[in-house]
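*Asks:* Input: one structure, supplied below.
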Amino acid sequence: MPATAIGILHPGEMGAAVGGSLAEAGHAVWWASAGRGPDTAARARRAGLSDAGTVAALASRSDVIVSVCPPHAAVEVARAVAAGQPAGRRPRTAGFRGVFVDANAISPDSSRTVAGIVAAGGASYVDGGIIGPPPASAGGTRLYLSGPRAGDIRDLFAGTRVEARIVDDRIGSASAVKMAYGAWTKGTAALLLAARALATAEGVQDALLTEWALSQPDLADRTRRAARSATRKGWRWVAEMEEIAATMAAAGLPDGFHQAAAEIYREFQQGPRRSAR
């Protein structure tokens, strides 16, 4: 398809890889360096992204903006885009008026909140959710999309390392897929960490590990991997677990398990528990 000007907010590990996939497909991909550190700048350069300087300048140059940020920052990023002014000239209207894609791990209700923010600034909205690692090769990463303009965004990713899939035309559906998926993957990892911590607190860790070796031989290794990931990424997962809990509550389901999972990951921000090493 014809090249499209796309803004990526902000190129962390996932965002840079998604933006790089779009750049490789021939699109002009922008990022905003204002307020960002040298690690982010290095990732953006490696991915082939062009620096617009500010979010306002990025918005003025982009037909599509893709938000890939920690869940707790999703609303703030949307507000920055909605309030932005095109750089270097007086705009006829405030804010971004293209298509805004929120690809963050947020609840359907949070996604609808973001939709309202960007729509008030004049933009169209597509709900998104990424499942899989930062795309290094085709077939491993999927971007679920929903909303009336989802087909336009799917087409942008044709032939890239990201497989874009449409759920339906409802805002919130793609986020619901992400929430349900993360409820299992990151939720069960938190449960394993809690089980190991309980055994340690009661002084029966060796007995538990012996039983796991007999009846659940993969759990010890899974717990170690969960601890490493929680130590490195737990600061992001706290908000994701809280978003999943909110999604559960909105659906009339118990939210306590994922509130507890958020607390487990919050503790890992201070370093791994001895029980999970």
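The values are calculated or read from the model by the stated rules, or taken from the named source; none is laboratory data. Since the model is a prediction, treat every value here as computed from it, not as a measurement. With ideal geometry, Cβ positions are generated from the backbone for all residues, glycine too; neighbour counts draw on all protein chains shown. These area figures cover heavy atoms from the full protein model, side chains too; ligands, DNA and RNA do not enter into them. Shrake-Rupley method; radii C 1.70, N 1.55, O 1.52, S 1.80 Å.
*Asks:* With over 24 Å from Pro71 (Cβ atoms) and not hydroxyl-bearing (Ser, Thr, Tyr) as the only criterion, which of Ala195, Ala176 stands out?
*Replies:* Ala195
*Asks:* Among the candidates Pro38, Pro70, Pro2, single out the residue that is surrounded by fewer than 24 Cβ atoms within 10 Å (Cβ to Cβ) and within 19 Å of Asp127 (Cα to Cα). Steps first, answer last, please.
*Replies:* Numbers: Pro38 fails: within 19 Å of Asp127 (Cα to Cα); Pro2 fails: within 19 Å of Asp127 (Cα to Cα).
When all the criteria are applied, what remains is Pro70.
*Asks:* Looking at the range 145-158 only, could you name the residues that are open to solvent by 40 Å² or more (accessible area, probe 1.4 Å) and either touching a helix residue (DSSP H, G or I) at 6+ places or on another chain (Cβ under 7 Å) or free of Cβ contacts under 8 Å to residues at least 40 places away in the same chain (or both)? Steps first, please.
*Replies:* Our first condition is that a residue be open to solvent by 40 Å² or more (accessible area, probe 1.4 Å); within the range 145-158, this holds for 148-149, 152, 154-155, 158.
Once the filter is applied, which keeps residues that are open to solvent by 40 Å² or more (accessible area, probe 1.4 Å) and either touching a helix residue (DSSP H, G or I) at 6+ places or on another chain (Cβ under 7 Å) or free of Cβ contacts under 8 Å to residues at least 40 places away in the same chain (or both), the range 145-158 yields Pro148, Arg154.
*Asks:* Looking only at strands (runs of 3 or more DSSP E) that lie completely in the range 108-222, which have at least 3 residues being farther than 28 Å from Arg266 by Cα, over 18 Å from the mean Cα position of the chain (by Cα) and of a type in the set (Gly, Ala, Ser)?
*Replies:* In the range 108-222, no matching strands (runs of 3 or more DSSP E) lie anywhere.
*Asks:* Which of the residues that make up the range 106-118 are of a type in the set (A, V, I, L, M, F, W, C), open to solvent by 10 Å² or more (accessible area, probe 1.4 Å) and in contact with an Asp or Glu (Cβ under 9 Å, 6 or more places away or on another chain)?
*Replies:* Ala115
*Asks:* Here's a follow-up. When you check Arg43 against the structure, is it of a type in the set (Lys, Arg) and not in a loop (DSSP other than H, G, I, E, B), yes or no?
*Replies:* yes
*Asks:* Let me ask something else. Identify all residues within the range 46-74 that are under 19 Å from the mean Cα position of the chain (by Cα), in a helix (DSSP H, G or I) and of a type in the set (Gly, Ala, Ser); write none if there are none.
*Replies:* Ala47, Ala73, Ala74
*Asks:* Within the range 50-67, work out how many residues are touching a Leu at 6+ places or on another chain (Cβ under 9 Å) and either open to solvent by less than 20 Å² (accessible area, probe 1.4 Å) or closer than 17 Å to Ser124 by Cβ (or both).
*Replies:* Qualifying residue count for the region: 6.
*Asks:* Let me ask you something else. So Ala80 ticks every box in (1) within 18 Å of the chain's Cα centre (by Cα); (2) modelled with pLDDT of 95 or more but one. Which box is left unticked?
*Replies:* (2)
*Asks:* Out of the residues in the range 246-261 that are small (Gly, Ala, Ser) and touching a residue at least 40 places away in the same chain (Cβ under 8 Å), state the one that is surrounded by the most Cβ atoms within 10 Å (Cβ to Cβ).
*Replies:* The residue in question is Ala261.
*Asks:* Ok, one more. Which pairs do you get when a residue that is modelled with pLDDT of 95 or more, found in the range 21-40, comes within reach of a residue that is surrounded by fewer than 21 Cβ atoms within 10 Å (Cβ to Cβ) and among the acidic types (Asp, Glu), reach meaning Cβ atoms under 7 angstrom, with the pair 6+ apart or on two chains?
*Replies:* From the range 21-40, the pairs are Trp31/Asp51; Ser33/Asp51.
*Asks:* Restricting the range 185-200 to residues that are under 14 Å from Arg225 (Cα atoms) and among the hydroxyl-bearing types (Ser, Thr, Tyr), which is least open to solvent (accessible area, probe 1.4 Å)?
*Replies:* Within the range 185-200, the match that is least open to solvent (accessible area, probe 1.4 Å) is Thr188.
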